[in-house]
Amino acid sequence: MARANEVARKMTTMRLSRYFLPVLKETPAEAQIVSHRLMLRAGLIKQASAGIYSWLPLGYKVLKRLEDIVHQEQIRAGHLPMLMPTIQSADLWRESGRYDAYGAEMLRIKDRHDRDMLFTPTAEELITDIFRGHVTSYKDLPLTMYQIQWKFRDEIRPRFGVMRGREFYMKDGYNFDLTKEDALHAYNRHLVSYLRTYERMGLQAIPMRAASGPIGGDDTHEFLVLAETGESEVFYDSEITDLRFGDREIDYASHAQCQSVLEEFTSRYARTDETHDPDVFAKIPVERQRVARGIEVGQIFYFGTKYSDAMGALVDDGQGNRVPVHMGSHGIGVSRLVGAIIEASHDENGIIWPEGVTPFHVGIVNLKQGDAACDGACEDLYKAFAAKGLEPLYDDRTERAGAKFATMDLIGLPWRITVGPRGLAGGTVELTSRKTGESRELSLEAVVARVAEIYAPHRG
RNA sequence: CGGGGCGUAGCGCAGUCUGGUAGCGCGUCUGUUUUGGGUACAGAAGGUCGUGAGUUCGAAUCUCGCCGCCCCGACCA
């Protein structure tokens, strides 16, 4: 048992000499935007083919951190996690009419029996099929299920790394409600949970009225992260960027509370180019009018009975009627978020991970590898962090200080501890913020306590 | 899909026009050196020049086909 614990402790610590971190000094020629360049340079991803990427250990850790946050916030909102297959039969899609409607963006496959299959671009059909097979009564409503699963959309032109990949990792959720009113509450509930989700990732994502595309429906908001490299042109009232969800407590079952958050965050003008109305925009005081670019990181839809009508997803309404359920769907582009966060948080030296999503909590730089005092202090530090449930990345390579600092800056851990003979002589190490560059000299005990304190608000 | 460009060592590139048996920088390996912001020196390994065919005594280089990748436009988490 003691031995198992020892192994577990080592698992939470990583020595850079034993890690797989293929950082690049030079920028790969194919990368045009900063997030793509930094993801390649920092060894987060490697392109497998156009718009399809392998997630290397460091990138995979970030992806998993984002996934954890999405799960936690979905579960907090009362939604049920599940998982559906990536390869689906064409039959259900014929039933909804989307097999033909979806067009070339859907990757179509034949199995050995020559049956038409497809790689799922979204899952309204399959979830509706599951629903109709098991739910027949209003008593089982409301119901919201979601998954985080790989999707494939055969984009005409994939670009910008994971920001517009063909294969991408997406949270997709589906709500089933008896009435339109209930379904709109589900819509509002998702808006609230998404606001929380993005803020935990260190992002400001603004809900904007949008167009629905092939999912269908009338009510839809997109969440956009402002960034110069965004693909969408956006128009908004600058007051909206002052809004913060913060750590307020919300009763997700309360229609009134969710409605009031929706009103707070959507009452000011904020639209993408698809729904932009210049006349309404012009009525905003000029000094508050903003035209910018944004990255779409999520979207919520209410589409009523579009799929339940087409696929016969009916429930007994308690009054002797069999009625189609009201539905909506909601997506968060988890893999795209990795790029979006980097677009929003970097400098000329590399990535700057927000504390909520960083792959390792702290980097330990040993300036004199092989020096007994330095090595010992670093070992003590990472054991102390592991004991507190924090994950350090220990740079134990026999590189010069400059090379170690450059690597740490590139991969963007928010906090770095520098351990060198000079400081240790006085019993201290240095704690440096990646974001501000500010450093503090602290004792070994104090630095562990300080880092634990920093991360306390970010633990689930 | 329309328009443009590129494919030569792990990465970034030169060589192609004007055919003659492949080179530079970074990285990697060995040794020495250095040690608080990508050290310096010496040595070494590493390439079916995307692919197939053709022209030629000879093809990275010329011709044709194919494949892959990137950029600009219309669509999408």
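Table for the structure above
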quantity	calculated
Convex hull volume of the range A:294-366 per residue (C-alpha atoms, cubic angstrom)	145 Å³
Gap separating the Cα centres of the range A:86-156 and the range A:397-460, nearest whole Å	48 Å
Normalised contact order of chain A, rounded percent, pairs of Cα under 8 Å and 6 or more residues apart	17 percent
Formal net charge of residues neighbouring A:LEU38 (Cβ-Cβ distance under 12 Å; K, R +1; D, E -1)	-2
Positive-pole candidate from A:VAL261, A:TYR138, A:ALA90, dipole of the range A:34-346, charges at beta carbon	A:ALA90
About the Cα centre, charge dipole magnitude for the range A:243-383 (Lys/Arg +1, Asp/Glu -1 at Cβ), debye	360 debye
1.4 Å probe accessible area per residue over chain A, in Å²	45 Å²
Radius of gyration, Dmax [chain A; alpha carbons; angstrom]	24.4, 82
Kirkwood estimate for the range A:256-324, i.e. one over the average of 1/r between Cα atoms, Å	16.2 Å
Non-local Lys pairs in the range A:34-346, i.e. 8 or more apart or on different chains, that have alpha carbons under 15 Å apart	4
Pairwise centroid distance, computed over Cα atoms, of the range A:340-359 with the range A:190-263, Å	21 Å
Linear extension gain, A:ARG157 paired with A:HIS134, 0.36 nm per residue minus alpha-carbon span	4.3 nm
Surface share of carbon and sulfur [accessible, 1.4 angstrom probe, percent] for chain A	49 percent
Debye equation applied to the C-alpha atoms of the range A:153-255, log10 I(q)/I(0) at 0.11 Å⁻¹	-0.44
For the range A:336-434, alpha-carbon Rg over 2.2 N^0.38 Å	1.10
Radius 13 Å from Cβ of A:LEU107, net charge of other residues (Lys, Arg +1; Asp, Glu -1)	0
14 Å beta-carbon shell around A:LYS283, net charge (K/R +1, D/E -1)	-2
For the range A:328-393, projected area of the alpha-carbon convex hull averaged over all directions, nm²	6.9 nm²
Kirkwood Rh in Å, taken over the range A:188-322 so that all alpha-carbon pairs contribute	16.4 Å
Efficiency of FRET between A:SER238 and A:ALA211 - r from beta-carbon atoms, R0 22 angstrom, step 0.05	0.40
Mean Cβ count within 10 Å, highest first, over the residues of peptides A:167-179, A:84-96	A:167-179, A:84-96
Cα point-scatterer Debye curve for the range A:35-78, base-10 log of I(q)/I(0) at q = 0.24, 0.25, 0.33 Å⁻¹	-0.79, -0.82, -1.08
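The values are calculated or read from the model by the stated rules, or taken from the named source; none is laboratory data. Computed from a predicted model, the values in this text were never measured in an experiment. A quick note on method: Cβ atoms are made from the backbone with ideal geometry, for glycine too, and the neighbour counts reach across all protein chains shown. Surface accessibility is based on the protein's heavy atoms, side chains included, excluding ligands, DNA and RNA. Shrake-Rupley method; radii C 1.70, N 1.55, O 1.52, S 1.80 Å.
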